[in-house]
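Structure first, commentary second.
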Amino acid sequence: MASEPDTKTASDNVAQSPTGDAYLLTPGPLTTSLTVKQAMLHDYGSRDVNFIDLNRRVCEQLLDIADAREGYACVPVQGSGTFAVEAMLATMLPPQGKLLNLVNGAYGHRISEICRYLGRQCLVHESGEELPLDPDVVEEALAAGTDITHVSVVYCETTSGILNPLAQIAEVVARHGRALLIDAMSAFGALPLSAKDISFDALAASSSKCLQGVPGMGFCLIREDALAQTAGNAHSLSLDLYQQAQTMSKVGQWRFTPPVHCLLALAQALEELDEEGGVAARGRRYNDNCQILKKGMRALGFTTLLPDELQAPIIVTFHMPAHPEFEFQQFYDRLSMKGYIIYPGKITRADTFRIGCIGDLGAEQMQCFIAAVKQTLGEMGIEKLTS
Ligand SMILES: Cc1ncc(COP(=O)(O)O)c(C=O)c1O
C-alpha cells in the first residue's frame, strides 16, 4: 500500500508555491510554474501527429534560442543532463579523436570521467575551482597539442557558480581549427549563447534548469556538417545522437519511448520563456534574484565564495559560517520547514553551501527567503554572523 505523502501544514509563515510545495533554491530540479505542471495532464502516443508536431516545434524553438536554426540540428535524448553530455561526447568524439577538457569544477571532471568510460583520449587542463578558465592557457595547449581534435568547456560551472569566458575560449578554439563542445546545462535559456557569435560544434543542455521545464530529457544542438561525420562513433545504441538525428529527420519520431510529458511541459515552458521576453529578460530576472540574494545574505554576515565579477546569476556559493552556533543541517532543516530548500556545497577546498537563483522565482520569493534566513539565525541563537 502506498504510504501517505508528507503533509506540511500550511501556516502563515510557511512559503508555498501554488501547488503547495516548497520553493527550490537549488541547481535543479527547480520550481516550475503551475502552467508548466498543468501542461503534463495529457497523454499522447509517440506516433501521434500532434506529438510529432510538438517535437518539431520544440526543437525549432531550442535552435532559435541559440540563433542556430540555420546549419544546426537539435537532437533530443531521454534522461538527465549527464545523459546529454555523455551522448554529445560519445557521438562527436571519434575513437581516434583527442579531447582537451578545460576543468574548474565537478562537471568538468565529469566530462573526463565520461571519456574514461568511453575510452576516448582526454587531456585535462585544470584551473582552481574559484578561477575562471583562461583562454591563454587554451591557446598554449592547442599550439602544443597538435593531435587535439576537440575542446570541451562548461559555460557556467555549477559547482561554484562561476561564469567561464566562453566567447574568448570559442574564439581561440576556432582560430586553431578545432571543434568546441559546450556543457551549457546551467546556462542555456538565461545566459547569452548565439551561434552567430560563438563558433561551436555541439552543446548539451536539458529540459529543466534555466528553461524551467521538468527534468527528464536533454538535447544537443549540433552543427549539421559535423554531425554528418559522426556515423559509427558512439559506443552506445541509446546515446547515439547520429542515429537519433537520422530517425528524427526521416520520421519526426524518437527512436525509443519518448518522455512525452516532459516534452509537453517543455513546450509550455518555452512559451513562457518567450512571454517573459526571451533569454535576455530571463537572464535579467535571475540577475535581480542573485543581487537580492547576495545583498541580503551579506547583510546578515554571510560571505560569498566568488567575487561579484566572476559570479554567474545562476547559483551562489556561500562560505559555511564559523559561528559556534551555526550548524548547517539545522539551518537547512529550519529553512525547509519554512518552505525553502537550499543545497549543500560541492567545492572540494572549502566548506560551503549553495543557494540557487533560477526557476519560477522572483524578487518577492527572494526577499521572503532572506527574511526566513534572518528568522532562522535568530531561532539558532545567532544574532549576527561576522566574517
Ligand atoms: C553544468 C552542469 N553539467 C551537467 C550537469 C548534470 O546534469 P544532471 O544532474 O541533470 O545529470 C549539471 C547539473 O547540475 C550541471 O550543472
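Here are some notes:
- Rounded to whole Hz, the Karplus (6.51, -1.76, 1.60) HN-Hα couplings of region 98-103, x for glycine and proline: 9, 9, 9, 9, 8, 10
- Of Thr352, Thr247, Thr32, the residue with the greatest mean-square motion in the GNM of the chain, using alpha carbon springs below 10 Å, is Thr247.
- Hits among lysines - C-alpha to C-alpha of Lys295 under 25 Å, sequence gap 8 or more where chains match: Lys209, Lys338, Lys346, Lys374, Lys384
- For Tyr340, distant residues with modelled amide H under 5 Å away: Tyr23
- Carbon plus sulfur fraction of accessible area for the chain, probe 1.4 Å, in percent: 51
- For Glu126, distant residues with modelled amide H under 5 Å away: Val103
- Of Ala68, Ala84, Ala280, the one that fluctuates the most in a GNM where the chain has Cα springs shorter than 10 Å: Ala280
- The chain: relative contact order as a whole-number percent, Cα under 8 Å and 6+ apart: 24
- Estimated dipole of the chain in Debye, rounded to 20 [Cβ of Lys and Arg +1, of Asp and Glu -1, Cα centre]: 320
- Taking the charge dipole of region 91-211 about its Cα centre, with +1 at Lys and Arg Cβ atoms and -1 at Asp and Glu Cβ atoms, the residue from Thr159, Ala106, Met185 reaching farthest to the positive side is Met185.
- Between Glu157 and Ile162, Asn164, the built amide H atoms are under 5 Å apart, and every one of these is 5 or more places off in sequence or on another chain.
- Folded to 0 to 90 degrees: helix 278-299 orientation relative to the chain principal axis, Cα: 40
- Principal-axis tilt of helix 81-92 within the chain, Cα atoms, nearest 10 degrees: 20
- Taking Cα atoms only, the orientation of helix 166-175 departs from the longest principal axis of the chain by about 20 degrees.
- Accessible area expressed per residue, region 183-289, with surrounding protein chains retained (probe 1.4 Å, Å²): 37
- Integer Hz, Karplus 6.51/-1.76/1.60 couplings in order for region 225-240, x for Gly and Pro: 6, 6, 4, 4, 8, 9, 4, x, 5, 5, 8, 10, 4, 6, 9, 7
- Residue-wise HN-Hα coupling along region 31-37, computed from phi with Karplus coefficients 6.51, -1.76, 1.60 (Hz; x: Gly, Pro): 5, 10, 6, 4, 5, 5, 5
The values are calculated or read from the model by the stated rules, or taken from the named source; none is laboratory data. These numbers were taken from a predicted model, which means no experiment stands behind them. Glycine also receives a Cβ, built like all others from the backbone with ideal geometry; neighbour counts cover every protein chain displayed. With ligands, DNA and RNA removed, areas are computed over all heavy atoms of the protein, side chains included. Shrake-Rupley method; radii C 1.70, N 1.55, O 1.52, S 1.80 Å.
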